[in-house]
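*Asks:* This structure is in structure tokens; I'll ask about it shortly.
Taken together, the values in this text are just the output of simple stated rules run on the coordinates, not laboratory data. The structure displayed is predicted, hence computed values, not measured ones. FYI the Cβ positions are ideal-geometry reconstructions off the backbone, even for glycines, and counts take in every protein chain you see.
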Amino acid sequence: MTIASNLHQVEEILCQKSKEAKRHSEDIQLIAVTKAVDNESTKEIYQLGVKHLAENRPEGLLAKQAYLPQEDIIWHYIGNLQSRKVKQIINQIDYLHSLDRLSLAKEIEKRADEIVNCFVEVNVSGEMSKHGVSPEELTEFIEALEEYPKVRVVGLMTMAPLGADETMIHQNFADLRMFQQKLAVKNYSFAPCTELSMGMSNDYQIAIEEGATFIRVGTSLFKE
Ligand SMILES: *Cc1c(COP(=O)(O)O)cnc(C)c1O
């Protein structure tokens, strides 16, 4: 399989699934996760027309950015971000998918030149090993972000629990959507919360059914 045929397949599925879910495929943004591939493969997916790219380490992000054109790529940072590394990347990205603590918001406030579009990462399932704000703390956490004008909460992000079956994944994503909708109706200017970042190679089809507006796909695009 080539990257082109992988991409074609993912786009077909995206179209098909959105139709089944009675959604417009344009409302679901494919993000290519390039963390596990080299500069060449990243350039290839870009040249095939995928303009939303994601990395999960500052080093990877900066290396890819140095290699690729500067004009028309939307950069997503999807990994856990240590506060001391915020300054390396915060002015280089368009979306941060892993806001999960106020100390990180504080560091963003200090280091960002402009408003940063952030997803609050939610640990829907309550797995101990996982990053993310718990559902119980979510509203309070988001309301506290009003203190940081450089942080704009565009939506919520989650990862399905490891080893979850389909039913559990559906439930997880449906829960995230319910949290998102409850926040969106509050109409907070600092937290419009209209977007849902959920779904990876193994579960993006479920995520589309459950309302994802951004899906983050790596393996399915770059597998051999
Ligand atoms: C690696 C990663 C992805 C992509 O995972 P695949 O299974 O390769 O599609 C998506 N989101 C996050 C947060 C990741 O770390």
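*Asks:* Tally Lys/Arg at +1 and Asp/Glu at -1 over every other residue whose Cβ is under 9 Å from the Cβ of Ile74; what's the total?
*Replies:* Its environment carries a net charge of -1.
*Asks:* Something else about it: Under a 5 Å amide H to amide H cut-off, with H placed in plane at 1.01 Å, what residues pair with Ser98 once short-range neighbours are removed?
*Replies:* Amide H neighbours of Ser98: Phe119.
*Asks:* Taking neighbour counts of Cβ atoms within 10 Å as a proxy for exposure, in what order, fewest first, do Ile74, Ile108 appear?
*Replies:* If I rank by nearby Cβ atoms, fewest first, I get Ile74, Ile108.
*Asks:* Now for a different question. Among Tyr77, Tyr67, Tyr188, which comes first, second and so on when ranked by fewest other beta-carbon atoms within 10 Å?
*Replies:* In increasing order of surrounding Cβ atoms, one gets Tyr67, Tyr188, Tyr77.
*Asks:* Stick to the Cα atoms of region 144-224, pair each with every other, and give me the Kirkwood hydrodynamic radius in Å at one decimal.
*Replies:* One decimal place: 13.5 Å for the Kirkwood radius.
*Asks:* Quick one: give the max-minus-min coordinate of the C-alpha atoms of the chain along each principal axis, largest first, in Å.
*Replies:* Principal-axis extents of the chain (Cα, largest first): 47, 41, 31 Å.
*Asks:* Now for a different question. Does a label point 7 Å from the Cα of Ser189, set along Cα-to-beta-carbon, have any residues of region 132-167 with amide nitrogen under 17 Å, and which are they?
*Replies:* Answer for region 132-167: 143-154.
*Asks:* Could you please rank Leu196, Leu68, placing first whichever residue has the fewest other Cβ atoms within 10 Å of its Cβ?
*Replies:* Leu68, Leu196
*Asks:* When the helices in the chain are scored as -39500 (n - 2.57) per DSSP H run of 4 or longer and the sum is shared across all residues, what 222 nm value do you end up with, to the nearest 500 deg cm²/dmol?
*Replies:* -11500 deg cm²/dmol
*Asks:* Here is a follow-up. Which listed residue (Val185, Thr139, Tyr95) has the Cα farthest towards the positive end of the charge dipole for region 84-186, taking +1 on Lys and Arg C-beta and -1 on Asp and Glu C-beta about the Cα centre?
*Replies:* It is Tyr95.
*Asks:* Next question. Quote the relative contact order of region 140-224 in percent (integer), defining contacts as alpha-carbon pairs under 8 Å separated by 6+ residues.
*Replies:* After rounding, I find 29 percent.
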